Amino acid sequence: MTKLAPEQLYARVDPAAIPFDTSADAAPLAGLIGQARAVEAIGFALGMRQDGYNLFALGPPGTGKHGVIDQLLNEQAAADSVPPDWCYVHNFAQPNQPRALRLPPGRARPLAESMRRLVAELRVALPAAFEREDYRQRREVLDDQFRHRHEQVFSDLAERAMRENVALVRTPNGFALAPAKDGDVMAPDALKALAPEEQERIKAAIERFQGELEAIIRKLPDWEREHREQVRLLNREVTRFAVTHLIEDVRKAHLDLTAVQEHLDAVEQDILENARDFLPQPQQGPEAMMGLLAGAGGQGADPTTGRRYQVNVFVDHTGATGAPVVYEDHPTHPILVGRIEHLARFGALVTDFNLMRPGALHRANGGYLVLDAYRALSGAFAWESLKRALTGRRIKVESLEAMLSMTSTVTLEPEPIPLDVKVVLIGPPHLYYLLSELDPDFARLFKVAADFDDRMARDAGSIGLYARVIAERARPSGVRPVDRTGMARLIEHASRIAADGERLSLRVRVLEDLMREADWHACRGGASTIDAEAVQRALDAQQRRADRIYQRALDEMRRGTYLVRTDGEVVGQINGLAVQSLGGFSFGLPSRITANVSLGTGELVDIEREVDLGGPLHSKGVLILAGFLGERFGQARRLALAATLVFEQSYGGIDGDSASSAELYAMLSALAEIPIRQSIAVTGSVDQRGNVQPIGGVNEKIEGFFDVCSSRGLTGRQGVMVPATNVKNLMLRPDVVAAVAAGRFHVWSVETIDQGIEILTGIPAGAPLSTGGWPPDTVNHAVAARLARFAERAEETRRHPQHGKKRHGAHNE
């Protein structure tokens, strides 16, 4: 057991070890220190082009994951080739299934611009072509020929019928035949007045001409069809003449692109068939009203004409020099795979391929996509959409309703785009392990893990490198230069964050924030650099902002609301230490632990567990105490005791085994009837052999008890007992170290329970004698004697139950 010296409580950094006067003089640092494993994993993932070798970067926040990944991805992307452009065009064969065109980098935007100009020119050229005089004349010839043929056949029929006193009459329902005389239709009375033979003749003539009329009427649709075909051919000829040279200009600009040439063929055929869409049309109904309100006079071509000939550019790499690196901070289903927008028209939602919008996967295709793992999992169906895209190696733009089969509405079904992307997820370690355990697809899709460490070794060489890391962060932060003393204090705080005097925390972002705050204090003090004093003021201010609850607890202990003694001696009572964390601020506070013993059957009752306030680790620690007592004192006889342990004034859950050594000390004190010094607080777990084991939060625990003692007045007898294996973790506050140096406070390190009980009681623990038993005037001897008396009384009670009850009542201990 050792009373620790001040230099053992805080691992100082010699300012002379800093390799520069101020951070402004530091040499630039290339790369990242302390993350060789993670950098190697990232390089492997970026180099592997096989399926499933996507990357999950895991590590605590503030370790520089985003910065390292961004740097390495951009370096790799700069060496990669530029991926192709992608665009969607109308599918003339299946209009609800837009086609995807793959184009060389930088070619999609010019194609879209060419088609936009083509549509604009068609809106002018086609109306002009159909208004030319030669077209009008040729159309009139066709119309006259059709009209003449139509009129001629009916005129011939009418003349022949009239010669036989039958008139061809035009009615609202079509043509009809009727008896006639002298060129006029006969009245029914006049027809009846004719001789029967004449009536029969006229009737027979009407029937004969009726057959001819029906034959002519049956031919009319054929003649109209022939006329329409002639007009169509004429329109195609005129349209071809007007558009061929326009489309040819677009063809020449994209002669090397077969897919574009095929699309232009389809465009040309559709224009030839639907040239009328570009011509002014008389509007009717609501559209006419809207046109009148707009001042269009109810005439004009549909302003949406030509939308199906346009090009929707999805991915444009014009001017790009490498593969894309895309970071998406709000991944959801539509943001990842794209979406289909709609327009409201007359109470209905309409859409076409021009209203399709790309997603992050489209923008990152051929490159790298970086996502925050938490956000990818919490975004609306983002995780499932991402897995589907990576599994199928294609991007399918579809609405969430369509993906979930929640609607039967006919909508667009765009052709999927092949996917070639490296996905990088960034998240905490526990999320990586949860996904590995619970998602069967995760291990198949994310085969590489870049595990970022949160600390590195602290030695003479690493201190200089670490100082350059801090200097590298100081430059873009715009803070004052950090001098040697300030840099040394920052590095010391890095060890405090790591809770280890032999390690440095790699959570550099915390130090970066501390530098900014120290810069503010340096500014207020009129200093030109950030020194150790400014850093310390920033640390004190951080604690001041966060320690309201902590100070309230200290105040209640000082006032006696919480019964915690820091002087005197008490049997079966000890000050244990526990750490609490609130909003990132951790602090330690003492807890009064008491133990009671009596005659019993060997049961050890953990009151916290009995009332469901004790966690499994705490319960395990209590059971270890029973094992220790049985191994040390129960070899010759059974333990005839009943013991209870409790954290006094505890109103919440308790877990962890860091108080198990304190509980054992209280138990030994109660059994030996030897008081424990209340001026000493204890932390550390214990095993069944009596070895004191390391715990967490040792700095906060020591400082917590120091603050309680300091608020009541330091006496020089107060201190904390910690496991020897935790000495390397000590990075105590300057005021605690100063109090130890002045002899007003102490810190002891122990390796075994025997060492600790000797410090607490001032009585030797005692080593077992070779003949059995323990030396007199030792703690172990007193404990064994008390247990022996319990065993004797238990045996007497077993033999004489009634007599044992009387004696037990008279001599209850």
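The values are calculated or read from the model by the stated rules, or taken from the named source; none is laboratory data. Just so we're clear, the structure is a prediction, and the values are computed from it rather than from any experiment. Please note: Cβ atoms are built from the backbone with ideal geometry, for glycine as well, and neighbour counts cover all protein chains shown. Side chains are part of the model used for accessible areas, which takes the heavy atoms of the whole protein and leaves out ligands, DNA and RNA. Shrake-Rupley method; radii C 1.70, N 1.55, O 1.52, S 1.80 Å.
For segment 354-369, enumerate the residues that are part of a strand (DSSP E or B) and in contact with a Gly (Cβ under 9 Å, 6 or more places away or on another chain). Even if it seems obvious, please write down each step before you answer.
Of all residues in segment 354-369, those part of a strand (DSSP E or B) come to 356-357, 368-369.
Across segment 354-369, the qualifying residues are 356, 357.
Inspect segment 307-327 for any residue being more than 28 Å from residue 104 (Cα to Cα) and open to solvent by 40 Å² or more (accessible area, probe 1.4 Å) and give the result as yes or no.
No, segment 307-327 contains no residue that is more than 28 Å from residue 104 (Cα to Cα) and open to solvent by 40 Å² or more (accessible area, probe 1.4 Å).
Does any residue in segment 501-513 that is among the acidic types (Asp, Glu) come within less than 6 Å, Cβ to Cβ, of a residue that is crowded, with 17+ Cβ neighbours inside 10 Å six or more places away or on a different chain, and which pairs are these?
Close Cβ pairs satisfying both conditions: 502/458; 512/473.
Would you mind stating whether residue 529 is over 30 Å from residue 715 (Cα atoms), of a type in the set (S, T, N, Q) and touching a residue at least 12 places away in the same chain (Cβ under 8 Å)? Spell out the reasoning first.
Values: over 30 Å from residue 715 (Cα atoms): yes; of a type in the set (S, T, N, Q): yes; touching a residue at least 12 places away in the same chain (Cβ under 8 Å): yes.
So residue 529 fits the description; yes.
From 181, 203, which residue is modelled with pLDDT of 80 or more, open to solvent by 90 Å² or more (accessible area, probe 1.4 Å) and basic (Lys, Arg)? Let's see the steps before the verdict.
Numbers: 181 fails: modelled with pLDDT of 80 or more.
Only one candidate qualifies: 203.
Identify, by number, the condition in (1) open to solvent by 30 Å² or more (accessible area, probe 1.4 Å); (2) at pLDDT 95 or above that residue 497 doesn't meet.
Going through (1) open to solvent by 30 Å² or more (accessible area, probe 1.4 Å); (2) at pLDDT 95 or above one by one, residue 497 breaks only (2).
Which numbered condition in (1) of a type in the set (A, V, I, L, M); (2) open to solvent by 50 Å² or more (accessible area, probe 1.4 Å); (3) closer than 22 Å to residue 531 by Cβ is the only one that residue 460 fails?
Exception for residue 460: condition (3).
May I ask you to say which residue of 147, 102 is among the charged types (D, E, K, R), in contact with an Asp or Glu (Cβ under 8 Å, 6 or more places away or on another chain) and open to solvent by 20 Å² or more (accessible area, probe 1.4 Å)?
Numbers: 147 fails: in contact with an Asp or Glu (Cβ under 8 Å, 6 or more places away or on another chain).
Selected residue: 102, the only one of 147, 102 that is among the charged types (D, E, K, R), in contact with an Asp or Glu (Cβ under 8 Å, 6 or more places away or on another chain) and open to solvent by 20 Å² or more (accessible area, probe 1.4 Å).
Here are some conditions: (1) open to solvent by 10 Å² or more (accessible area, probe 1.4 Å); (2) within 32 Å of the chain's Cα centre (by Cα). Residue 536 meets all but one. Which one does it not meet?
The single condition residue 536 does not satisfy is (2).
If we only count helices (runs of 4 or more DSSP H) wholly inside segment 370-480, which ones have 3 or more residues that are basic (Lys, Arg), farther than 22 Å from residue 44 by Cα and in contact (Cβ under 8 Å) with a residue 24 or more places away in the chain?
On the way: elements: 373-378, 382-392, 400-403, 429-438, 442-445, 460-477.
Answer list for segment 370-480: 460-477.
Here are the criteria: (1) touching a Leu at 6+ places or on another chain (Cβ under 8 Å); (2) assigned to a helix (DSSP H, G or I). Tell me which single one residue 501 does not satisfy.
If we test residue 501 against (1) touching a Leu at 6+ places or on another chain (Cβ under 8 Å); (2) assigned to a helix (DSSP H, G or I), just (2) comes out false.
Is there any pair with a first residue in segment 254-269 that is over 20 Å from residue 239 (Cβ atoms) and a second that is among the aliphatic types (A, V, I, L, M) and surrounded by 20 or more Cβ atoms within 10 Å (Cβ to Cβ) whose Cβ atoms are under 6 Å apart and which are 6 or more apart or on different chains, and what are they?
What qualifies is 254/260; 259/101.
Of the conditions (1) without any contact (Cβ under 8 Å) to a residue 24 or more places away in the chain; (2) assigned to a helix (DSSP H, G or I); (3) small (Gly, Ala, Ser), residue 581 clears all except one; give me its number.
Going through (1) without any contact (Cβ under 8 Å) to a residue 24 or more places away in the chain; (2) assigned to a helix (DSSP H, G or I); (3) small (Gly, Ala, Ser) one by one, residue 581 breaks only (2).
May I ask you to list the residues in segment 718-761 that are within 47 Å of the chain's Cα centre (by Cα) and either basic (Lys, Arg) or part of a helix (DSSP H, G or I) (or both)?
Of all residues in segment 718-761, those within 47 Å of the chain's Cα centre (by Cα) come to 719-738, 747-751.
The answer is 724, 725, 726, 727, 728, 729, 733, 734, 735, 736, 737, 738.
Could you give every pair whose Cβ atoms fall below 8 Å, whose first residue belongs to segment 631-647 and is over 20 Å from residue 607 (Cα atoms), and whose second residue is at pLDDT 85 or above and charged (D, E, K, R), counting only separations of at least 6 or pairs across chains?
Pairs found: 631/689.
Hey, could you check segment 338-372 for residues that are of a type in the set (Phe, Trp, Tyr) and crowded, with 20+ Cβ neighbours inside 10 Å and say which is modelled with the lowest pLDDT? Can you show your working first?
From segment 338-372, those of a type in the set (Phe, Trp, Tyr) are 346, 353, 368; that's our starting set.
Remaining after also requiring crowded, with 20+ Cβ neighbours inside 10 Å: 353, 368.
Details: 353: 91, 368: 97.
So, considering only residues that are of a type in the set (Phe, Trp, Tyr) and crowded, with 20+ Cβ neighbours inside 10 Å, the one modelled with the lowest pLDDT is 353.
For segment 605-692, which helices (runs of 4 or more DSSP H) that fit wholly inside it have 3 or more residues that are open to solvent by less than 50 Å² (accessible area, probe 1.4 Å) and not aromatic (Phe, Trp, Tyr)? Show your work before the answer.
On the way: elements: 607-610, 616-633, 660-672.
Output list reads 616-633, 660-672.
Which one of the conditions (1) more than 18 Å from residue 314 (Cβ to Cβ); (2) over 17 Å from the mean Cα position of the chain (by Cα); (3) surrounded by fewer than 16 Cβ atoms within 10 Å (Cβ to Cβ) does residue 400 fail to meet, given that it meets all the rest?
(3)
Could you please give the count of residues in segment 209-225 that are surrounded by 15 or more Cβ atoms within 10 Å (Cβ to Cβ) and either part of a loop (DSSP other than H, G, I, E, B) or of a type in the set (D, E, K, R) (or both)?
1
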